Amino acid sequence: MHQNPHNKHIPVLLAEILEYVDPKEGERYLDVTAGYGGHAEAILSRTKNYTGSVLVDRDAEAIKELSRKFKQSNIVLVHQDYLGACSELLKNNQQFDIIVADLGVSSPHLNEVNRGFSFIDDGPLDMRMDQNQEITAWDVLNKSSEADLADLLWHYGEEPKARQIARLIAKERPINTTTELAAIAKQVWRSYSRSHPATRTFQAIRIAVNDELGQLEKALPIWLKLLSPGGRLAVISFHSLEDRVVKKFMVGESGDRYDASLRLPIKHPLLPGPLELVHNPRARSAKLRVAVKQK
Ligand SMILES: C[S@@+](CC[C@H](N)C(=O)[O-])C[C@H]1O[C@@H](n2cnc3c(N)ncnc32)[C@H](O)[C@@H]1O
């Protein structure tokens with residue numbers, strides 16, 4: 001994910017995905033976070049199977065861009081969260097050879113001030129990936145109890161000063177803009193060296209608004225069921241909480257057990273190399289894990 005002049009989203013770890021997912025002509029592809037279609041375009045150009053493939057995203061803007069990008073094909077686009085969309089695919093007995101989940105937000109999310117994901121610019125406290133969803137960041141910040149806020153900052157942001165930040169939020173409410181929220185984190189931290197002190201607070205609120213970890217935990221077993229024998233699942237995560245969930249699932253389903261359902265072609269996650277980071281600094285926290293469904 002990269003801040004670039006055209007507000008385009010640059011697909012992360014694309015070469016590594018292509019190497020380990022190894023798309024073959026005719027294979028059916030399910031992209032559960034299709035975004036702006038970077039990974040999808042590269043994979044579909046190899047499988048050439050558009051009618052047997054499905055692209056999912058919960059963001060209406062992403063779906064609009066995908067329908068422009070793939071307008072010549074009969075590919076199925078689904079505007080829904082991946083948990084709902086994949087449960088539906090499973091009910092309909094669908095099977096796929098490749099499933100890709102490139103988690104989190106896209107560059108347009110971060111660059112578009114009105115979406116409220118960035119603490120750099122002054123925007124509304126929104127942070128919804130799906131604009132039809134009712135609950136926004138404003139609701140979470142202004143309507144949760146101080147104790148719930150502290151829990152959320154601690155668990156979803158791994159924020160060491162969760163209690164102090166929650167206390168100050170409760171004192172200063174209503175909080176109406178992203179810069180007001182960022183200023184609170186800054187006030188609590190006073191001095192900081194590496195990442196901006198609001199990074200963890202924004203991560204926590206965003207995860208809560210979009211139920212990101214809940215979606216992931218519940219969807220992983222469904223993705224396993226949707227994979228055909230020999231099918232590949234690739235998941236790119238952007239923070240340790242997500243990666244922990246993916247690792248626990250993949251390791252739990254693999255191993256030397258006679259009934260293991262997955263095989264892991266790489267034991268450790270792949271990270272972007274220095275060249276990718278020069279072109280796309282937003283890829284810096286990306287981690288790719290791949291699993292292959294046993295026959
Ligand atoms: C990192 S971007 C994906 C970019 C894409 N791989 C590409 O190459 O353009 C993540 C996308 O996933 C979507 N997303 C995140 N969580 C989702 C969920 N639970 N269900 C459906 N879409 C989700 C976001 O709206 C965003 O567009």
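Derivation of every value follows stated rules applied to the coordinates shown; laboratory data play no part. Since we're looking at a predicted model, the values are computed, not measured. Positions of Cβ are backbone-derived with ideal geometry, glycine not excepted, and every protein chain shown enters the neighbour counts.
See the values below:
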item	result
Pair list, Cβ < 6 Å and 6+ apart or interchain, from segment 192-219 residues that are farther than 14 Å from THR136 by Cα to residues that are of a type in the set (Ser, Thr, Tyr) and within 16 Å of the ligand (Cβ to nearest atom)	ALA219/TYR82
Output for segment 275-295, where each listed residue is more than 17 Å from LEU224 (Cβ to Cβ) and over 22 Å from the mean Cα position of the chain (by Cα)	LEU275
Residue match in segment 76-98 (condition: of a type outside the set (Asp, Glu) and over 30 Å from ALA291 (Cα atoms))	no
Qualifying positions in segment 21-43 - touching a strand residue (DSSP E or B) at 6+ places or on another chain (Cβ under 8 Å), near the ligand (Cβ under 9 Å from one of its atoms) and outside any helix (DSSP H, G or I)	ASP31, VAL32, THR33, ALA34, GLY35, GLY37
Total residues in segment 200-213, condition more than 14 Å from LEU125 (Cβ to Cβ) and near the ligand (Cβ under 9 Å from one of its atoms)	2
Meets criteria (more than 8 Å from the ligand (Cβ to nearest atom), assigned to a loop (DSSP other than H, G, I, E, B) and under 25 Å from ILE207 (Cα atoms)) for LYS64	no
Number of the exception - ASN176 against (1) more than 24 Å from the chain's Cα centre (by Cα); (2) of a type outside the set (Val, Ile, Thr); (3) crowded, with 16+ Cβ neighbours inside 10 Å	(3)
Candidates ALA147, ALA166, filtered to the one that is farther than 19 Å from HIS239 by Cβ, small (Gly, Ala, Ser) and either within 16 Å of the ligand (Cβ to nearest atom) or in contact with a Leu (Cβ under 7 Å, 6 or more places away or on another chain) (or both)	ALA166
Top-ranked residue in segment 44-61 [being assigned to a helix (DSSP H, G or I) and within 10 Å of the ligand (Cβ to nearest atom); ranked as surrounded by the fewest Cβ atoms within 10 Å (Cβ to Cβ)]	ALA60
Residue that is out of contact with any Pro (no Cβ under 7 Å at 6 or more places or on another chain), of a type in the set (A, V, I, L, M) and surrounded by 22 or more Cβ atoms within 10 Å (Cβ to Cβ), where the choices are ALA182, ALA234	ALA234
Filter pass, PRO229 being without any contact (Cβ under 8 Å) to a residue 60 or more places away in the chain and away from the ligand (no atom under 16 Å from the Cβ)	no
Close pairs (9 angstrom Cβ cut-off, 6 or more residues apart or separate chains): of a type in the set (Asp, Glu) in segment 248-265, surrounded by 11 or more Cβ atoms within 10 Å (Cβ to Cβ) and assigned to a strand (DSSP E or B) anywhere	GLU253/LEU262; GLU253/ALA291
Residue count for segment 237-275, restricted to those that are surrounded by 14 or more Cβ atoms within 10 Å (Cβ to Cβ) and among the basic types (Lys, Arg)	2
Residue that is nearest to the ligand (Cβ to nearest atom), among those in segment 81-108 that are assigned to a loop (DSSP other than H, G, I, E, B) and without any contact (Cβ under 8 Å) to a residue 40 or more places away in the chain	ASN92
